[in-house]
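J.: Here you go, one structure.
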Amino acid sequence: MNPVVRFAPSPTGQLHIGGVRTALFNYLFALKNNGTFLLRIEDTDIERSKDIFTEQIIESLGWLGFKYQGNPIKQSSRTKRYQEVIEYLLKTGSAYRCFATVQELDKLRNEKDNYLYPRIWRDRSEKEIEDKLQKKENYVIRIKIPLNGNIHFEDLVYGDINTDCSELDDFIIARSDGTPTYNFTVVVDDHDMQVSHVIRGEDHISNTPKQILIYDALKWDTPEFAHLPMILGSDGKRLSKRHGAVGTQTYRDLGYLPDTLINYLALLGWNPGTEDEVFNFQFLMDNFSLEKINKKAAVFDNKKLDWLSGQHIMKSESEELLDSIRSIKPDWAPNGLSDEYLFSIISHLKGRSKTLLDIINQSEYFFNDPIKYDQNAVAKCWGEDTSELLKSFAEKALTCLDWKDESIEACINDFSEKKYVSKGKLIQSLRVSICGSLTGPSMANLMSLLGKETCIRRLNNAQKILSE
RNA sequence: GGCCCGUUCGUCUAGUGGUUAGGACUCCAGGUUUUCAUCCUGGCAACAGGAGUUCGAUUCUCCUACGGGCUACCA
């Protein structure tokens with residue numbers, strides 16, 4: 001039997017980085033085992049769920065390249081089915097109506113330190129319930145938890161988990177407005193979707209026994225469960241908005257590649273046992289297994305993400321990088337420049353960039369003459385004799401007919417020799433004049449890329465400023 | 001409070017009943033490089049604590065501490 005897995009986010013915000021990890025592990029598991037990956041939108045919380053978030057989640061999954069089969073299933077479209085199952089549970093005595101009010105329960109809760117719903121409506125007579133129904137009083141539906149017994153399941157990551165029934169509430173499966181709650185819908189959906197492996201966050205371990213009881217009441221088979229360790233912020237607390245960027249789209253806008261995020265997240269709580277840590281998707285797909293998942297919660301480390309990002313950028317083709325850059329900054333580079341020219345720029349910058357944003361930020365001098373010159377660089381490289389130096393170098397450059405890397409290099413070498421100027425000093429002066437800063441690709445590369453005309457113009461500009 | 005889960009360098013992790021406890025990121029010091037980045041070399045740095053089992057425990061068991069999760073008419 002081929003496995004069926006699902007990713008089931010609730011559309012109450014951007015796709016969270018923790019959600020991406022859960023989706024990724026589900027997806028990898030499906031790919032590795034020739035299974036099916038499904039998407040389900042858990043929007044039973046009408047208050048907080050928004051369509052816009054559903055769209056964003058789908059868009060983010062697309063950006064990451066996670067392909068789910070068929071259309072996403074929305075819980076909000078399954079009300080009828082939930083009602084049908086609830087009816088069945090009611091009829092078979094596995095669930096019951098509870099007419100206790102919120103206020104009433106709050107009061108009880110405050111009286112006790114260790115509160116469990118006291119089951120005050122569990123064994124009322126039919127007449128009593130009929131009575132209340134006649135009066136149209138509000139009620140919720142609760143599941144009838146066995147009074148004693150033990151619930152056991154074997155988690156594929158955490159191993160044996162045992163829970164005593166006495167620990168469990170008769171929890172609510174349908175609210176007073178009739179809408180079903182999470183622990184109930186998740187069971188009905190997973191069953192109906194024929195999910196074979198439930199792979200989700202560790203925060204659901206405690207929910208699992210409750211869900212198993214519903215499977216039991218319905219006489220349905222339970223799926224396998226695999227819980228994933230949490231991802232924490234640098235303070236060791238559960239990752240949340242307080243830790244800054246947690247939304248997938250934010251990471252995209254910050255200039256991270258999908259492969260970087262996937263690679264990093266895969267390494268959080270899982271590792272293939274290799275010393276190398278830079279992986280492409282294919283490798284993950286081939287090597288993924290639930291057995292290698294850790295139990296320990298992992299802290300999200302932006303420094304390592306940045307390093308990994310640099311690795312992926314460096315390895316990426318310039319063509320791909322250009323596409324990615326355009327997707328986050330469509331107006332990067334002035335109109336009229338050929339893609340070939342932009343590829344060259346990218347190939348010179350990608351080795352010294354951690355993110356796409358780094359490439360964008362460093363590319364300014366390829367497009368415009370420097371307006372401002374970095375003060376540090378000026379102090380370091382521009383002296384009294386620089387004006388004269390630039391002037392005579394510009395004159396020499398003018399005579400360089402074949403404006404290519406090698407000839408420019410030769411020109412620089414020759415000038416340095418004849419004028420008794422150290423090559424380093426010369427180049428740094430040129431760099432400040434041409435780029436406005438002290439960092440960047442090799443000078444001859446840069447000059448050939450910018451073109452003779454541009455270089456000489458910039459040298460003249462700098463010389464003018466210096467002689468003022 | 002109750003229940004559940006976890007605990008190897010600052011972080012991500014490997015690992016075994018006997019190892020100089022390995023790697024990666026970060027940080028520091030050198031080197032290469034016209035600059036930056038890369039790259040190379042070296043360095044700092046961990047088995048939470050206590051008992052038990054054992055000839056021997058980081059590894060097995062128990063307890064404690066600490067951290068996280070659940071305990072909603074959230075998911």
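The values are calculated or read from the model by the stated rules, or taken from the named source; none is laboratory data. As the structure is a computational prediction, the values presented were derived from the model and not from experiment. Note: ideal-geometry Cβ built from the backbone for every residue, glycine included; neighbour counts use all protein chains shown. Just so you know, the surface numbers come from the protein's heavy atoms only, side chains and all, with ligands and any DNA or RNA stripped out. Shrake-Rupley method; radii C 1.70, N 1.55, O 1.52, S 1.80 Å.
J.: Take the residues in region A:3-35 that are under 11 Å from A:Met285 (Cβ atoms) and assigned to a helix (DSSP H, G or I), then tell me which one is most open to solvent (accessible area, probe 1.4 Å).
T.: Ranking the qualifying residues of region A:3-35, first place goes to A:Lys32.
J.: Also, quick follow-up: For region A:189-209, does any single residue satisfy the condition of being part of a loop (DSSP other than H, G, I, E, B), open to solvent by less than 20 Å² (accessible area, probe 1.4 Å), over 30 Å from A:Pro330 (Cα atoms) and in contact with a strand residue (DSSP E or B) (Cβ under 6 Å, 6 or more places away or on another chain)? Give the derivation first.
T.: Narrowing region A:189-209 to residues part of a loop (DSSP other than H, G, I, E, B): A:193-196.
Still in the list and also open to solvent by less than 20 Å² (accessible area, probe 1.4 Å): A:195.
Those still in the list that are over 30 Å from A:Pro330 (Cα atoms) too: A:195.
Within this subset, residues satisfying the condition of being in contact with a strand residue (DSSP E or B) (Cβ under 6 Å, 6 or more places away or on another chain) are A:195.
Within region A:189-209 (the criterion being part of a loop (DSSP other than H, G, I, E, B), open to solvent by less than 20 Å² (accessible area, probe 1.4 Å), over 30 Å from A:Pro330 (Cα atoms) and in contact with a strand residue (DSSP E or B) (Cβ under 6 Å, 6 or more places away or on another chain)), the answer is yes, since at least one residue qualifies.
J.: Moving on. Would you mind telling me which numbered condition in (1) open to solvent by less than 10 Å² (accessible area, probe 1.4 Å); (2) within 10 Å of RNA strand B (Cβ to nearest atom); (3) not β-branched (Val, Ile, Thr) A:Tyr251 fails?
T.: Only one criterion is unmet by A:Tyr251, namely (2).
J.: In the set A:Leu305, A:Leu284, A:Leu290, which member is open to solvent by less than 70 Å² (accessible area, probe 1.4 Å), within 16 Å of the chain's Cα centre (by Cα) and touching a residue at least 12 places away in the same chain (Cβ under 8 Å)?
T.: Numbers: A:Leu284 fails: within 16 Å of the chain's Cα centre (by Cα); A:Leu290 fails: within 16 Å of the chain's Cα centre (by Cα).
After applying the criteria, what remains is A:Leu305.
J.: Within region A:132-171, can you find the residues that are open to solvent by less than 70 Å² (accessible area, probe 1.4 Å), out of contact with any strand residue (DSSP E or B) (no Cβ under 9 Å at 6 or more places or on another chain) and away from RNA strand B (no atom under 11 Å from the Cβ)?
T.: Answer for region A:132-171, where residues must be open to solvent by less than 70 Å² (accessible area, probe 1.4 Å), out of contact with any strand residue (DSSP E or B) (no Cβ under 9 Å at 6 or more places or on another chain) and away from RNA strand B (no atom under 11 Å from the Cβ): A:Ile145, A:Pro146.
J.: Here's another thing I want to ask about it. Looking at A:Tyr115, is it aromatic (Phe, Trp, Tyr) and more than 7 Å from RNA strand B (Cβ to nearest atom)?
T.: Working: aromatic (Phe, Trp, Tyr): yes; more than 7 Å from RNA strand B (Cβ to nearest atom): no.
No.
J.: While we're on this one: Sort out which residues of region A:432-449 are more than 6 Å from RNA strand B (Cβ to nearest atom), open to solvent by 20 Å² or more (accessible area, probe 1.4 Å) and under 17 Å from A:Glu409 (Cα atoms), and write them in order of number.
T.: Hits for region A:432-449 are A:Asn445, A:Ser448, A:Leu449.
J.: Of everything in region A:326-343 that's assigned to a helix (DSSP H, G or I) and out of contact with any Ser or Thr (no Cβ under 9 Å at 6 or more places or on another chain), which residue is surrounded by the most Cβ atoms within 10 Å (Cβ to Cβ)?
T.: Residues of region A:326-343 that are assigned to a helix (DSSP H, G or I), as a first pass: A:326-328, A:339-343.
Cutting the leftovers down to out of contact with any Ser or Thr (no Cβ under 9 Å at 6 or more places or on another chain) gives us A:326-328, A:339-341.
Numbers: A:Arg326: 14, A:Ser327: 12, A:Ile328: 16, A:Asp339: 12, A:Glu340: 8, A:Tyr341: 14.
The extreme case among them is A:Ile328.
J.: Just to be sure, is A:Arg48 closer than 19 Å to A:Thr185 by Cα and touching a strand residue (DSSP E or B) at 6+ places or on another chain (Cβ under 9 Å)?
T.: Numbers: closer than 19 Å to A:Thr185 by Cα: yes; touching a strand residue (DSSP E or B) at 6+ places or on another chain (Cβ under 9 Å): no.
Judged against the criteria, A:Arg48 is not a match.
J.: Looking at (1) within 16 Å of RNA strand B (Cβ to nearest atom); (2) closer than 23 Å to A:Trp332 by Cα; (3) touching a residue at least 60 places away in the same chain (Cβ under 8 Å); (4) not in a loop (DSSP other than H, G, I, E, B), can you tell me which one A:Asn361 breaks?
T.: Status for A:Asn361: all satisfied but (3).
J.: Tell me which residues, restricted to region A:48-62, are in contact with a Ser or Thr (Cβ under 7 Å, 6 or more places away or on another chain) and hydrophobic (A, V, I, L, M, F, W, C). First the steps, then the outcome.
T.: As a first pass, look at region A:48-62 and keep what is in contact with a Ser or Thr (Cβ under 7 Å, 6 or more places away or on another chain): A:48-49, A:53, A:60.
Within region A:48-62, just A:Phe53 meets the criteria.
J.: To continue, here is another question. Looking only at region A:210-247, filter to residues that are modelled with pLDDT of 90 or more, within 13 Å of RNA strand B (Cβ to nearest atom) and open to solvent by 30 Å² or more (accessible area, probe 1.4 Å); which one of those is farthest from A:Ile145 (Cα to Cα)?
T.: Selected residue: A:Leu232.
J.: Which of the residues that make up region A:234-257 are of a type outside the set (A, V, I, L, M, F, W, C), within 14 Å of the chain's Cα centre (by Cα) and assigned to a loop (DSSP other than H, G, I, E, B)?
T.: Residues satisfying the conditions are A:Ser240, A:Gly244, A:Gly255, A:Tyr256.
J.: Still on this model: Condition first: modelled with pLDDT under 95, within 6 Å of RNA strand B (Cβ to nearest atom) and more than 25 Å from A:Arg238 (Cα to Cα). Can you find one or more residues in region A:275-286 that meet it?
T.: Scanning region A:275-286 turns up at least one residue that is modelled with pLDDT under 95, within 6 Å of RNA strand B (Cβ to nearest atom) and more than 25 Å from A:Arg238 (Cα to Cα).
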